[in-house]
Amino acid sequence: MAVNVAVALAQAGASVGLIDADIYGPNAPTMLGLSNASVIVRQTPQGEVIEPAFNYGVKLVSMGFLIDPDQPVIWRGPMLNGVIRQFLYQTQWGDLDYLIVDMPPGTGDAQLTMAQAVPMAGAVIVTTPQTVALLDARRGLRMFQQLQVPVLGIVENMSYFIPPDLPDRSYDIFGSKGGEKTSQELGIPLLGCIPLEIPLRQGGDRGVPIVIEFPESASAQALTAIAQQIAARVSVAALS
C-alpha cells in the first residue's frame with residue numbers, strides 16, 4: 001500500500017519520500033527494487049546525515065539498509081524512537097511534496113513517536129475485510145484520533161481475489177464489505193478497495209510495484225485512485 005501509493009504520487013509528478021517505520025520488519029527496500037542498494041551516512045559538523053536511496057521517483061530510508069538481511073532488530077522503545085527521529089530529521093530529503101510513513105500494525109512505539117515528533121497531515125487506516133482485522137483497524141483509528149492526528153480515510157486491502165485464468169470473476173476470500181461497513185459506522189471516508197491479484201504479490205517480491213509493471217490492472221487502478229484521494233484530502237487539510 002505505502003510503496004505503490006508513493007510511486008503513484010511520483011508518477012503524477014510529485015516529489016515523494018518514504019520512511020519505512022516498520023523497524024522490526026523493514027520490507028520496503030525489497031518492494032521498491034532496492035534490496036541491493038544502501039543509504040550513505042556521512043559525518044558532518046552537525047552530526048550524521050543520511051542520503052536516502054532512490055528508485056521509481058521515490059526517496060527511501062529504511063532499517064533494511066542498516067542491517068544484514070537475516071539480522072533481527074531486538075530493540076526496546078527508546079532505540080526505535082531514536083532511529084525514527086533520525087530518519088525524519090537527519091535525512092537529506094530535499095523539497096518534498098509528500099513524506100509517506102509505512103507504519104507497522106498496531107498501536108505501538110512507531111505510531112506514538114511519529115505523532116509526537118512531527119505534525120502529520122493525516123493517517124490512512126489499512127485493513128482487510130474480515131472482522132478480526134477490522135477490530136485491530138478500529139483500535140488504530142481511535143489511537144490516531146486520541147493523538148489528534150486527522151484520519152484521512154480507510155483502505156480495504158485484499159478486498160477480493162481475481163484469479164488470473166478467470167479475470168472476470170472475483171472471490172471474497174476474507175469476507176465482504178467490511179471496510180465499507182466500518183467506514184459508515186465511524187463516519188470515516190472509504191478511500192478505496194484493493195483487490196488481491198497474483199501480479200501484485202509477484203511485483204512486491206521482485207521489486208517492481210504493480211502501478212509500474214501493470215498500470216491497467218485492477219489493483220494498480222485502485223491504488224492510483226487511492227493515491228489521488230489521499231493527495232486531494234491532504235491538499236484540503238493544508239488549506240483549512
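Which of GLY94, GLY106, GLY192 moves the most in a Gaussian network model of the chain with Cα springs under 10 Å? With Cα springs under 10 Å in the chain, the top fluctuation among GLY94, GLY106, GLY192 is at GLY94. Could you pull out the trypsin sites (Lys or Arg not before Pro) across the stretch 153-240 that fall in loop regions by DSSP (anything but H, G, I, E, B) with no more than 11 other Cβ atoms inside 10 Å? Answer in residue order: ARG169. Given axes a ≥ b ≥ c from the Cα gyration tensor, I'd like to know whether the stretch 1-105 is rounded (a/c under 1.5), prolate (a/b larger than b/c) or oblate. The shape class here is oblate. Taking GluC sites (Glu not before Pro) across the stretch 145-227, the ones in a DSSP loop with at most 14 further Cβ atoms lying within 10 angstrom of their Cβ are GLU216. Distance from the C-alpha centroid of the stretch 43-80 to that of the stretch 119-141: 26 Å, rounded to the whole angstrom.
Cβ crowding within 10 Å ranks TRP75, TRP93 as TRP75, TRP93, fewest other Cβ atoms first. Taking amide H as placed 1.01 Å from N in the peptide plane, the amide H of LEU18 sits under 5 Å from that of LYS59, LEU60, VAL61, ILE100, each at least 5 places away or on another chain. Restriction of the trypsin sites (Lys or Arg not before Pro) in the stretch 34-126 to DSSP coil positions whose beta-carbon has at most 11 other beta-carbons within 10 angstrom yields ARG76. Taking the stretch 100-240, how much of its Cα-Cα pair set, in percent, is spaced more than 23 angstrom apart? In whole percent, the share of Cα-Cα pairs in the stretch 100-240 beyond 23 Å is 39.
The numbers here are math on the coordinates, done by the rules we state, and not lab data. No experiment lies behind these values; they were computed from the predicted model shown. Neighbour counts run over all protein chains shown; Cβ positions are idealised from the backbone, glycine included.
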